[in-house]
Amino acid sequence: MDHDKLAELLFRDITKTPEDYEKIYPPRDLPEGAMVTRMAPSPTGFIHLGNLYGALADERLAHTTGGVCFLRIEDTDEKREVEGAIPVLLDTLSYFGIDFDEGANKEGESGAYGPYTQSKRADIYQAMVKYLVRQGKAYPCFMSEEEIEAMREEQKAAGLDPGVYGKYARHRNLSYEEVEARVKAGEEFVIRLRSEGDPSKYFTAADAIRGTISMPENVQDVVILKKTGLPTYHFAHVVDDHLMRTTHVVRGEEWMASVPIHVQLFEAMGWPLPVFCHNTVLMKIDEETGQKRKLSKRKDPELSLEYYKKQGYFPEAVREYLMIILNSDYEEWRLADPLADYRDFPFSPSKMSDSGTLFDLNKLNDVSKDVLARKSAAEIYDFMLDWAEEYHPDLFRLFSGKKDMLLRVFDIDRGGEKPRKDLVYAEQIFGFIKYFFDEHFVYESEWPAEVSAEDRREILKRYIEGYDPADDNSAWFEKIRAITADLGYAVKPKDYKKNPGMYKGHVGHVSGVIRIAITGRANSPDLWTVQQIMGEQAVRARIEKAMEN
Ligand code: GLU
């Protein structure tokens, strides 16, 4: 067989060679140790936490080493493509603090190693395939899907490995004349790799997360170019990551099984292997079974990144949590320096988890509390406003008109040695502070059982009579104590506990009535402070409303 002639027959219009492309895309001029990483999503429209997890690893590896992180769009599977998926992807990643140095962007793309969208790279892949055909390392295969399926069934029945390999690769050795006749007759074909793998031999490849990968060689004649003229994932990965000069391929562990194919393709092209970084899938403890399982798109809304935006998580909190589950040393590093910039953390792939990373929403919430405790009231206000503008126009109007009040609300117990840690995400924060707004005020707690309805009215009546917003915290509390004693309640809770028969209840029950009247809740931040923020009129109105109850 004259392979040159075959290559010309199949790819007449392709004139460039691998050497030409080596010149167009020369090795990058980067300092020693700089890593080049990429995120390579398919534009399916669903961007999830696992994508962000991987993207953060890509971004950190590149940027802690002075390297480059780029975005490549893997759109060779037309069936799965969703309109408008790319801008959403870019916005979402950027929201969580991931920006790319080069590659696809909203305007199109930027960078010297493009095109960064695979569907625009057909002639590059074809030039590489043409080279392999010319070398006798790839060949056209005209087998139909039905034919292959029938063959698989026979192989399975005979206890053999299914697939196109060895003697089952029926079109491996077609004569030039036969190929020519079929091509001229308009028959469709794919291009397959002519595998020379020996399953008894093992190859090795470097994986920065898992150490050296060692697996048997691939024997299958895998498809490298589809009927559409576009490559399969396997071939596109090899060509793109070589020509784009990727040094570290961070991707999901589901690609581990295909490494033998990839290694063989790199070798067939005569190219060095990148370092693989196969990360893990995110798992959770299933609420029903108590077992660890993969996060599922159908069952777990928290898998979607939109969930965090909608709930109003600070992107920084989500990122901080992902850093913790990405790198086993991060949490300790953070404890040692709570204020350090996460970008100063020496991120290393060897500290990444290599088996099912556990995702725990409660832990994320705890991390978020710590992150928010370090924010200023103004930062929280601005964030709440942006969140409301996007998801709750009614709250946006409410928050805009009450800026001064909200700044004071968010400032309660902020700063200092032990800041309050009760703010988690916007939706929860609003729930936490909504009693400041009349239109959202409801009684959420029961009145204290120790206080009769009659006493309750009496407490509120006396309270309102004595209420003076000019009182400081201690003068204010003195008045409550006076009411407590007058109505037969213990001024000190411990006296009541010692002699429950002597009192109706204690000062906590009396102040509880006032607290519920004003906030609707048995628990709130310091009540005096709350009242100072609400203002005299609002306080009086709440007490009067409660007296009618
Ligand atoms: N397009 C592939 C995917 O969506 C990317 C895998 C890779 O990063 O190489 O899974």
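The values are calculated or read from the model by the stated rules, or taken from the named source; none is laboratory data. Because the structure is predicted, anything quoted here is derived from the model rather than measured. We place every Cβ from the backbone using ideal geometry, glycine too, and count neighbours over all the protein chains shown. With ligands, DNA and RNA removed, areas are computed over all heavy atoms of the protein, side chains included. Shrake-Rupley method; radii C 1.70, N 1.55, O 1.52, S 1.80 Å.
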Original post:
Once Lys and Arg get +1 and Asp and Glu get -1 on their Cβ, which of Trp447, Tyr425, His262 lies farthest toward the positive end of the dipole of the chain?
Top reply: Trp447
Subject >> Area of Ile433 that stays accessible when all protein chains are in place (1.4 Å probe, Å², to 10) >> reply: 10
Original post:
When the solvent-accessible surface of protein heavy atoms is calculated with a 1.4 angstrom probe, in what order do Met547, Met405 fall, highest first?
Top reply: Met547, Met405
**OP:** Report, ordered by chain and residue number, the lysines lying within cross-link reach of Lys297, taken as a straight Cα distance under 29 Å and ignoring same-chain residues fewer than 8 apart.
**Re:** Lys79, Lys106, Lys284, Lys309, Lys310, Lys351, Lys363, Lys369
**OP:** Report, in deg cm²/dmol and to the nearest 500, the calculated mean residue ellipticity at 222 nm for the chain, where each DSSP H run with n ≥ 4 adds -39500 (n - 2.57) and the sum is divided by the residue count.
**Re:** -13500 deg cm²/dmol
Original post:
Which is the longest part of the chain that has none of the GluC sites (Glu not before Pro) sitting in a DSSP loop with at most 14 other Cβ atoms within 10 Å?
Top reply: 289-416
Original post:
What is the antiparallel percent of DSSP beta bridges lying wholly in the chain, to the nearest 5?
Top reply: 55
**OP:** Roll a 1.4 Å probe over the protein chains and send me the accessible area per residue for region 53-167 in Å².
**Re:** 43
**OP:** If a/c stays under 1.5 just call it rounded; otherwise compare a/b with b/c (prolate if a/b is bigger, oblate if not). Do that for region 1-114, with a ≥ b ≥ c from the square roots of the Cα gyration tensor eigenvalues.
**Re:** oblate
Subject >> the chain: C-alpha gyration tensor shape, a/c 1.5 cut-off, then a/b vs b/c >> reply: prolate
**OP:** State the number of lysine pairs found in region 455-516 whose Cα atoms come within less than 15 Å, restricting to pairs 8 or more positions apart or on distinct chains.
**Re:** 4
Original post:
Hey, how many Å between the Cα centroid of region 314-360 and the Cα centroid of region 214-276?
Top reply: 30
Original post:
Put +1 on the Cβ of each Lys and Arg and -1 on the Cβ of each Asp and Glu in the chain; which of Thr228, Phe437, Ser353 then has its Cα farthest toward the positive end of the dipole?
Top reply: Phe437
**OP:** Please list, or write none, the lysines whose alpha carbon is within less than 27 Å of the alpha carbon of Lys16, excluding same-chain residues fewer than 8 places away.
**Re:** Lys5, Lys120, Lys130, Lys137, Lys184, Lys226, Lys227
Original post:
Trp255 accessible area, nearest 10 Å², 1.4 Å probe?
Top reply: 80
Original post:
Ignoring ligands, DNA and RNA, what percent of the 1.4 Å accessible area of the chain is carbon and sulfur?
Top reply: 49
Subject >> Per residue, in Å², the accessible surface of region 470-529 once ligands and nucleic acids are set aside, probe 1.4 Å >> reply: 48
Original post:
Just how far, in whole angstrom, is region 366-389 from region 19-56 if you go by their alpha carbon centroids?
Top reply: 32
Original post:
Reachable lysines from Lys402, Cα under 17 Å, same-chain residues fewer than 8 places away excluded?
Top reply: Lys434
